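Scroll down for the structure; my scribbles are underneath it.
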Amino acid sequence: MLELAILGFLAEGPLPGHELRSRVSHLTGYTRPVSDGSLYPAINRLAKAGLLERQPDPRAGAARYLLSLTDAGHADVLKRLRKPADHEITDHTRFYTVLSFLSLLPDMAEQHAVLRRRLVFLEEPASFFYDGDRPIRAEEVADPYRRGLLLTARATSRAERAWLREALGEQPLERNS
């Protein structure tokens, strides 16, 4: 997720490290804060792999760098977007990172393939709580907090599925007047 966010933002154009950190933090920070201890090692790994390069930032002084993608970095971000790992489809925060940069894929059919994978995942019966292998529905739960969790998750899933169907051209999203 962190590497995709770094590559995705740099695919939009070169950035100084502090600006990249700010953008990544805004994207993921509300659920998974990004520390310098995770961001800069990830930048170093990507640079060592030849996916991004650092050049002194003439506007900010010798100690500051401007980060940009290499051709290999551009190819890598497209590869990551075309074939996200299963956990990047099933984990909502990771999927939102994929979704944030999906428009970088030039082929709408490839974009739609990723959206379809997410829709298939969301349409599988699931719950946070189970009776054996059977998902427990909110209506079956006496605990008000667990019921609230399940109702909120259901509403979120319903809204996302409706948006995905609309984005895929499969059914229009109903709008309340």
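The values are calculated or read from the model by the stated rules, or taken from the named source; none is laboratory data. Keep in mind it's a predicted model, so treat the numbers as computed, not measured. No Cβ is skipped: glycine too gets one built from the backbone with ideal geometry, and neighbour counts run over all protein chains shown. Surface accessibility is based on the protein's heavy atoms, side chains included, excluding ligands, DNA and RNA. Shrake-Rupley method; radii C 1.70, N 1.55, O 1.52, S 1.80 Å.
What number comes out for accessible area per residue over the chain if the probe is 1.4 Å? Units Å², please.
Ligands and nucleic acids excluded, the result is 61 Å² per residue.
Normalising by the residue count of the chain, find the relative contact order in percent from Cα pairs under 8 Å and 6+ residues apart. The partial results should precede the final answer.
Details: 168 pairs, mean separation 30.0, N = 177.
Averaging sequence separation for qualifying contacts and normalising by length gives 17 percent for the chain.
Counting other Cβ atoms within 10 Å of each Cβ, which GluC sites (Glu not before Pro) in the stretch 103-177 have at most 15 and sit in a DSSP loop? Don't skip to the end; give the middle numbers.
Working: sites: E110, E123, E139, E140, E160, E166, E170, E174; in loops: E170, E174.
Passing both the DSSP loop test and the Cβ count: E170, E174.
Tell me the net charge near D143. Cut-off is 15 Å between Cβ atoms, D143 excluded, with +1 for each Lys or Arg and -1 for each Asp or Glu.
Neighbour charge sum, excluding D143 itself: 0.
Lys and Arg at +1, Asp and Glu at -1: add these up for the other residues within a Cβ distance under 13 Å of T70 and post the number. If you can, show how the numbers build up before the last one.
Values: positive: K48, R54; negative: E53, D71, D76.
Net of charged neighbours comes to -1.
Carbon-plus-sulfur fraction of the accessible area of the stretch 99-176, 1.4 Å probe, in percent?
54 percent
Amide H of Y65: which non-local residues (sequence gap of 5 or more, or other chain) have their own amide H closer than 5 Å, using H built in the peptide plane?
Sorted by chain and number, the residues that satisfy this are G17, D57.
For a bin width of 5 Å, list the pair-distance distribution of the stretch 76-163 built from all Cα-Cα distances, rounded to whole %.
Computed distribution, short to long bins: 3, 13, 22, 20, 15, 11, 8, 6, 3, 0.
Where does the chain land on the Kirkwood hydrodynamic radius, alpha-carbon pairs, in angstrom?
In the chain this quantity evaluates to 18.4 Å.
Quick one: which residues, 5 or more positions from I136 or on another chain, have an amide H under 5 Å from its amide H? H modelled 1.01 Å from N in the peptide plane, none for Pro or chain starts.
Correct list: F129, Y130, D131.
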